[in-house]
């Protein structure tokens, strides 16, 4: 069943309520970003506005790493683009479930396509139970939690979190990894996913050793994704179901 473009207030509420606890997983990460933003000189308003409009923690952290005056706009644009490449894959996975989505609903769908919300809803879409209202509601609550947590971090930057090493001591630097592990667990469909994951891990480790920097994230993801796509295309042409 295709994902319906009809949105009801009841489904929107249901999507928002069920995303509260998954969304809270980003709370420490958001606090860490707020602290880092304060240390870079961003105001509380600028930090909150950036989080609400961008709503992509990884790319925001990448942007802060190279934040300087004057702003290196080209470097910022390229870095954020690379950090967000995974959204092309996530959007492609959603596309078959959005065949007749009105143009005016497309930007809100792009906006709410964030890791936890996407992972929870794409699993339902694949079972034929997708609901656009739940998807939008989940994304709305995620935006509120993420923006609020970054504001909280900014406000706390002058107190207990003023020491740059405090985030590490509280384990805030591990939160992003934990979130992605949860997302991967939700998306795991059985042993047929093991080979693409192995290719992604091998490519990431090799690029980390050979290239350095954060390119291993992009290279690993692209390698695993391309392998999975090629494998599925190969078996589809031969009408053979891969193990």
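The values are calculated or read from the model by the stated rules, or taken from the named source; none is laboratory data. Model, not experiment: these values are computed from the prediction. Counting neighbours? That spans all protein chains shown, and the Cβs are built from the backbone with ideal geometry, glycine included.
If I filter region 145-167 for residues that are modelled with pLDDT under 70 and not in a loop (DSSP other than H, G, I, E, B), do I get at least one hit?
Among the residues of region 145-167, at least one is modelled with pLDDT under 70 and not in a loop (DSSP other than H, G, I, E, B), which makes the answer yes.
Look through region 21-59, keep the residues that are assigned to a loop (DSSP other than H, G, I, E, B) and within 18 Å of residue 86 (Cβ to Cβ), and return whichever of them is modelled with the lowest pLDDT.
If we take residues in region 21-59 being assigned to a loop (DSSP other than H, G, I, E, B) and within 18 Å of residue 86 (Cβ to Cβ), then 25 is modelled with the lowest pLDDT.
Name, by its number, the condition in (1) modelled with pLDDT of 85 or more; (2) surrounded by 14 or more Cβ atoms within 10 Å (Cβ to Cβ); (3) within 27 Å of residue 152 (Cα to Cα) that does not hold for residue 62.
Evaluating residue 62 over (1) modelled with pLDDT of 85 or more; (2) surrounded by 14 or more Cβ atoms within 10 Å (Cβ to Cβ); (3) within 27 Å of residue 152 (Cα to Cα) leaves (1) as the failure.
Could you list, in sequence order, the residues of region 215-229 that are closer than 18 Å to residue 192 by Cα and surrounded by fewer than 16 Cβ atoms within 10 Å (Cβ to Cβ)?
Passing the criteria: 226, 229.
Report the residue count in region 126-143 for those that are modelled with pLDDT under 90 and either closer than 20 Å to residue 57 by Cα or in a helix (DSSP H, G or I) (or both).
Selection size over region 126-143: 1.
Please indicate, with yes or no, whether at least one residue in region 69-77 is in a loop (DSSP other than H, G, I, E, B) and loosely packed, with under 11 Cβ neighbours inside 10 Å.
yes
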